[in-house]
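Notes for the one structure printed next.
The values are calculated or read from the model by the stated rules, or taken from the named source; none is laboratory data. Everything numeric in this text was worked out from a predicted model, so none of it was measured. Cβ placement follows ideal geometry from the backbone for every residue including glycine, while neighbour counts extend to all protein chains displayed.
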Amino acid sequence: MEFFFEISILFFLVIFQSLFGVGLLLFGTPIFLLLGNNFESTLILILPVSITISLLQLIYHKNSRNYHILEFNYYCLPFLFVFLMINIYLGELINIKLYVSILLIISSLVLLYKNRISKLTNILYLYRKLILISIGSIHGATNMGGAFLSIFSSSIHNENRLYTRNYIAYGYFVMGTIQYITILIFGTFNKDFSKLYYIIMPLIVFYPLQIFFNKMNDKFFINIINCAALFFGIIALIMSI
């Protein structure tokens, strides 16, 4: 029963992320923590699947250029590594999830009503380097930076779903790869690689699901991501209290 429950959760999240570029880490992390996994074992379980989906998305949109990637590398990734190391050795002493969930709810609400805040996109773009530092720090510490990444991506790409998902996929791919390697080298718990076969799931469902992705309009795509981020923020807040 436990195996069926685990594989059902992963399969649903693989479908969601294959369509929207976000979801597996965003929802999977708190779910598996709630089921009793520690932070490192949760990442060992879901990161290979997330990396596989992101790689498939990058291959699928290989001709889609993104001029913000270099900034992402310079400002996000170093802080991702630093805060992941802090989590590995000091994470049990700090309830970072509580503060992240509150910020996530606020950010989601702001973006859902961003048409009423005409300067939001300009502000996010103006302070994009600081935002990228924050995304790397949050994701390294809690693995829950995906919502902030999706909010930031949809804003700087003017709600173009292709560029939005491509940027999110790149972010998840490089962040996930760094996280996985870091845990393998510096992790303090025993590593269980017996469930690497879960990477078969995205290999099976990703390409058929792109038929549905191509039929979505941009506004619907962005609203789904933002509503999902808001929902997750509320759940994460409840779990943190």
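What the table below lists for this structure:
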| read-out | value |
| --- | --- |
| Ile46 vs. criteria over 28 Å from Tyr163 (Cα atoms) and either over 13 Å from the mean Cα position of the chain (by Cα) or part of a helix (DSSP H, G or I) (or both) | no |
| Test for Ile183: is it more than 14 Å from Phe20 (Cα to Cα) and among the hydrophobic types (A, V, I, L, M, F, W, C) | yes |
| Answer residue from the stretch 72-127, given it is of a type in the set (S, T, N, Q) and not in a loop (DSSP other than H, G, I, E, B) and is modelled with the lowest pLDDT among those | Asn115 |
| Residue satisfying all of: in the stretch 118-153; over 12 Å from the mean Cα position of the chain (by Cα) and among the small types (Gly, Ala, Ser); farthest from Phe83 (Cα to Cα) among these | Ser118 |
| Helices (runs of 4 or more DSSP H) completely within the stretch 151-241 that count 1 or more residues being buried (at least 16 other Cβ atoms within 10 Å of the Cβ), among the aromatic types (Phe, Trp, Tyr) and at pLDDT 80 or above | 161-186, 200-215 |
